[in-house]
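Beneath this line is the structure, given in structure tokens, with notes to follow.
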Amino acid sequence: MIPALRRYARALARDADIADDLVQDTLVRALRSERLFLGGDVRSWLYTILTNLNKNRRRSLARRPHFMPLLDNNPDASGTEAEGRDIARALATLVEEQRSVLLLVMLEGLSYREVADIQGVPIGTVMSRLARARAHVKASLEGEAPALRRVK
Amino acid sequence: MVFLPLSGEEIETGDVFYFEIRKTTTMTDHKIPVTEDELHAYVDNELPAERRGDVEAWLAAHPEDAERVRSWRSMAEALHARYDAIADEPVPQRHDIERLVRQPRKWVYGALAATLAAFIVGGGVGWLAHGAAASPSAFQSFTVDALDAHRLYVVEVRHPVDVPGSEREHLQQWLTKRCGWDVRAPELGATGLRLVGGRLLPGPTGPASFLMYESASGERFTLYAARATTETTQMRYAKQDQDGALFWADRGVGYVVSGGTDRERLMQVARMVYDEIEKSGG
């Protein structure tokens with residue numbers, strides 16, 4: 001469970017140190033929580049804690065421009081490295097809830113029902129976020145402007 | 001058929017959107033066009049089996065949708081290619097839950113955490129409150145004895161205890177002398193419980209101390225303590241009919257807090273007992 005949690009945190013928060021802090025905070029909170037005795041799916045519960053901690057973290061960050069590292073300072077990068085950067089960059093264009101849904105469904109393999117419980121929204125909202133997330137990431141990977149949502 | 005925009009989309013004249021067509025029947029109708037949601041569900045294995053054929057037929061006939069589905073699949077591959085390696089890394093020390101658990105003895109790390117640690121590392125889903133203990137004999141016989149005593153004495157109106165709570169000092173000294181460890185009657189006034197008193201009981205390997213508390217509304221909790229062979233500080237919960245108990249061992253002494261079936265209340269009381277005992281070094 002913890003390796004998967006680390007993977008989700010890294011994809012969600014992008015920065016490795018922030019991701020590891022999130023996982024540690026999640027585990028500490030889990031250890032303190034009395035929900036231990038109230039039953040339920042521990043895996044979903046851990047994802048919920050981590051998702052909420054990240055949401056709080058982002059809310060408390062002052063609004064500032066998002067600086068991307070200059071990408072082509074290693075022109076001999078292998079194809080897979082470049083692809084890795086592309087998907088990471090594409091994820092960065094998503095709003096928090098869309099990124100979280102996309103990762104929980106596509107990377108972590110959770111069901112729509114589980115994701116709805118984690119995010120505290122109806123399944124319809126999960127589907128709507130997922131559809132948008134996929135559209136945005138597709139557009140980003142194909143080099144189009146990320147805001148493009150409508151076909152004229 | 002009803003055409004509705006995807007929830008939340010803004011509508012402007014001249015634009016073309018994907019519309020979700022609401023089905024008015026629960027039966028699968030092969031004439032109903034495949035919806036946007038169903039394309040996603042198809043890729044995520046969330047589609048009812050009877051609809052798969054329809055979706056595949058649709059994709060064969062609608063290349064733009066097929067292309068989108070392909071892009072979602074390769075998107076998933078890219079995600080896994082980029083991030084799966086992290087799940088394959090050995091768990092670093094800071095996330096080592098066993099290590100997190102071995103912090104200086106506090107309620108949070110000592111009692112509850114070991115249980116959670118074993119559970120998370122074991123990888124199970126769901127939590128059984130009365131799940132298997134690491135060494136069943138140690139936990140079970142202790143808790144059974146304590147629950148037996150709890151049930152036997154809480155129903156007593158006139159003689160629930162031998163020494164009343166009004167003689168707290170004497171009670172503690174007497175039990176300490178007979179039992180062989182520092183017996184303290186924790187102060188639980190903050191949670192609305194007063195000490196009714198205590199008595200001495202036979203324990204598994206020697207004497208056991210037994211204390212009873214009571215609230216103004218008459219709810220009763222008991223604290224049973226005896227020598228325990230287990231050194232761990234794992235906490236276990238047991239339930240038997242109308243009674244619940246929380247057990248832990250600390251420095252060679254096992255403690256059982258017994259009460260009713262309200263688990264949260266029981267935990268609240270047990271937490272306070274634990275903290276009080278820790279503070280007094282008993």
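When each of B:R168, B:R220 is tested for being surrounded by fewer than 20 Cβ atoms within 10 Å (Cβ to Cβ), more than 14 Å from chain A (Cβ to nearest Cβ) and in contact (Cβ under 8 Å) with a residue 60 or more places away in the chain, the lone residue that passes is B:R220.
For the range A:1-21, name all the residues that are in contact (Cβ under 8 Å) with a residue 12 or more places away in the chain, closer than 19 Å to A:T93 by Cβ and at the interface with chain B (Cβ under 7 Å from one of its Cβ atoms). If the condition is that a residue be in contact (Cβ under 8 Å) with a residue 12 or more places away in the chain, closer than 19 Å to A:T93 by Cβ and at the interface with chain B (Cβ under 7 Å from one of its Cβ atoms), then A:A11 is the only one that fits.
Select from the range B:157-197 the residues that are of a type in the set (K, R) and assigned to a loop (DSSP other than H, G, I, E, B) and write down the one among them that is nearest to B:E278 (Cα to Cα). That would be B:R184. Does any residue of the range B:36-49 turn out to be in contact with a strand residue (DSSP E or B) (Cβ under 9 Å, 6 or more places away or on another chain), assigned to a helix (DSSP H, G or I) and at the interface with chain A (Cβ under 10 Å from one of its Cβ atoms)? Within the range B:36-49, one or more residues are in contact with a strand residue (DSSP E or B) (Cβ under 9 Å, 6 or more places away or on another chain), assigned to a helix (DSSP H, G or I) and at the interface with chain A (Cβ under 10 Å from one of its Cβ atoms).
Within the range B:188-214, the set of residues being touching a Cys at 6+ places or on another chain (Cβ under 9 Å) and polar (S, T, N, Q) comprises just one member, B:S209. Scanning the range B:188-204 for residues that are under 13 Å from B:V269 (Cβ atoms) and surrounded by fewer than 16 Cβ atoms within 10 Å (Cβ to Cβ) yields B:G189, B:A190, B:T191, B:G192, B:R194. Is it true that B:A118 is at pLDDT below 95 and surrounded by 15 or more Cβ atoms within 10 Å (Cβ to Cβ)? Against the criterion (at pLDDT below 95 and surrounded by 15 or more Cβ atoms within 10 Å (Cβ to Cβ)), B:A118 qualifies. Could you check, for the range B:243-261, whether at least one of its residues is of a type in the set (D, E, K, R), within 16 Å of B:V154 (Cα to Cα) and under 21 Å from the mean Cα position of the chain (by Cα)? Yes: one or more hits. Residue count for the range A:69-96 under the criterion of being within 25 Å of A:N54 (Cα to Cα), modelled with pLDDT of 65 or more and not charged (D, E, K, R): the result is 9.
The residues of the range B:169-189 that are among the aromatic types (F, W, Y) and at pLDDT below 95 amount to a single one, B:W181.
The values are calculated or read from the model by the stated rules, or taken from the named source; none is laboratory data. Keep in mind that what you see is a predicted model, and the values were worked out from it rather than measured. Every residue, glycine as well, gets a Cβ built from its backbone with ideal geometry; the counts of neighbours run over all protein chains shown.
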